[in-house]
Amino acid sequence: MTNKSELEKLNAEIIQCRKCARLVAWREEVARVKRRAYIDQEYWGKPVPGFGDPNARVVVVGLAPGAHGSNRTGRNFTGHASGGFLYPALNRAGFANQALAESRSDGLILNDIYITASARCAPPDNKPSPEELNNCQPYLERDIQILKPKVIVCLGRIAFERILRIYSARNSAWKFGHGALYQLESGEWILCSYHPSQQNTLTGKLTVKMFDDIWEKAKELLR
Ligand code: SF4
């Protein structure tokens with residue numbers, strides 16, 4: 001089986017998932033009620049599968065879909081301000097063919113990068129519970145098993161902690177911080193970045209330059 005067909009099989013399974021009652025209710029309620037600006041659109045309203053190059057050497061792990069972003073469009077970081085910060089950066093770094101990410105049919109193609117998440121369903125207040133993260137972890141594990149990435153970019157502390165759990169990496173010196181970089185015994189690199197949420201980008205906690213440096217570092221680690 002190729003990576004592509006394995007990922008397609010996994011994603012077909014993810015889309016059907018209803019393990020977390022609270023998140024299923026929330027994602028479907030948001031999709032039914034909608035935001036006024038998107039009232040004429042059909043929301044995705046399901047778990048959001050991974051997206052990107054099936055032969056990627058870089059895996060990007062986010063937190064969870066935004067209620068009116070990915071939960072509306074069905075693709076990670078699409079139709080949302082955080083994607084408006086992420087995809088232009090990936091485009092500048094050569095990982096994406098375009099900066100625009102507004103729908104699943106916008107022509108966006110990723111090169112050598114695959115984007116996945118710690119939880120696949122939009123949570124209230126962008127906060128999945130520990131139990132929900134545990135329910136969803138096997139999907140992230142399978143993404144990683146299939147892709148066998150060389151570099152894992154963790155967008156935010158929750159993604160970082162999830163990756164440490166998956167790899168059973170228990171080094172007390174390993175702390176989350178923007179630009180923090182660690183290498184697992186098995187050779188994979190874990191590169192940390194602040195999440196490109198508006199909370200970080202509008203306050204200047206995460207600048208364009210800081211984010212560009214992350215993707216340059218990721219490229220350097222692939223050489
Ligand atoms: S968050 Fe993950 S485990 Fe929970 S319902 Fe969604 S896809 Fe399933």
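The values are calculated or read from the model by the stated rules, or taken from the named source; none is laboratory data. Note that the structure is predicted; figures quoted are calculated from it, not measured. Positions of Cβ are generated from backbone atoms using ideal geometry, with glycine treated the same way; all protein chains shown enter the neighbour counts. Surface areas here come from the heavy atoms of the whole protein model, side chains and all, with no ligands, DNA or RNA. Shrake-Rupley method; radii C 1.70, N 1.55, O 1.52, S 1.80 Å.
Note on surface exposure: Glu161, Glu6, Glu188 rank Glu161, Glu6, Glu188 by accessible area, highest first, 1.4 Å probe. For the chain, a Gaussian network of Cα nodes joined below 10 Å ranks Ala173, Ala12, Ala117 by mean-square fluctuation, and the top entry is Ala173. The heavy atoms of Lys19 offer some 110 square angstrom of accessible surface to a 1.4 angstrom probe.
Of all DSSP-defined beta bridges confined to the range 40-153, some 25% are antiparallel rather than parallel.
Of all DSSP beta bridges in the chain, what percent run antiparallel (nearest 5)? Restricted to the chain, the bridges split so that about 30 percent are antiparallel. Using 0.36 nm per residue and subtracting the Cα-Cα separation, the extra length available between Ser168 and Lys9 on full extension is 54.6 nm. With a 1.4 Å probe rolled over the protein heavy atoms of all chains, the accessible area of Ile39, Ile166 falls in the order Ile39, Ile166, largest first. Using a 1.4 Å probe, how large is the accessible area of Lys205, given in Å² and rounded to the nearest 10? That residue has around 100 Å² of solvent-accessible surface. Placing a pseudo-label 7 Å from each Cα along the Cα-to-Cβ vector at Arg157 and Glu131 gives an inter-label distance of 2.3 nm. Rolling a 1.4 Å probe over the protein heavy atoms of the range 114-223, with every protein chain left in place, gives an accessible area that is 48 percent carbon and sulfur. When each full DSSP H helix of the chain is screened for a Cα extent of at least 15 Å along its own axis and an average Kyte-Doolittle hydropathy of at least 0.0, the helices passing are 21-33, 81-93. Rounded, prolate or oblate: which fits the range 102-223, taking a ≥ b ≥ c as square roots of the Cα gyration tensor eigenvalues, rounded meaning a/c under 1.5, else prolate when a/b beats b/c? Since a/c stays below 1.5, the shape of the range 102-223 is classed as rounded. Per residue, the average separation of C-alpha pairs within less than 8 Å and at least 6 apart gives the range 1-58 a relative contact order of 48 percent. Applying the Karplus relation 6.51 cos²θ - 1.76 cosθ + 1.60 with θ = phi - 60° to the range 188-205 yields 3J(HN,Hα) values of 5, 9, 10, 10, 9, 9, 4, 6, x, 6, 4, 4, 8, 7, 6, 8, x, 5 Hz, where x marks Gly and Pro.
Using a simple spin-label model with pseudo-atoms 7 Å out from Cα toward Cβ, Arg22 and Lys148 lie 3.8 nm apart.
Which shape class applies to the range 105-151: rounded if a/c is under 1.5, otherwise prolate when a/b exceeds b/c and oblate if not, where a ≥ b ≥ c are the square roots of the Cα gyration tensor eigenvalues? Oblate, since a/c reaches 1.5 and b/c is not below a/b. Accessible area of Phe211 (1.4 Å probe, protein heavy atoms only, ligands and nucleic acids ignored): about 0 Å². On a per residue basis, the range 67-132 carries 36 Å² of accessible surface, using protein heavy atoms and a 1.4 Å probe.
Between Asp106 and Lys175, the C-beta separation translates, for a Förster distance of 30 Å, into a calculated FRET efficiency of about 0.25. By the rule of a C-alpha distance below 12 Å, with chain neighbours fewer than 8 residues away ignored, the aspartates and glutamates paired with Lys34 are Glu42. Relative to its Kirkwood radius, the Cα radius of gyration of the chain gives an Rg/Rh of 0.94. Among the listed pairs Lys4/Lys150; Lys19/Lys205; Lys9/Lys46; Lys175/Lys205; Lys127/Lys205, which have their C-alpha atoms separated by more than 26 angstrom in this model? The pairs that break the limit, which is 26 Å between Cα atoms, are Lys19/Lys205.
Placing a label point 7 Å from the Cα of Arg36 along the Cα-to-Cβ line, the residues of the range 56-87 whose backbone N sits under 17 Å from it are 68.
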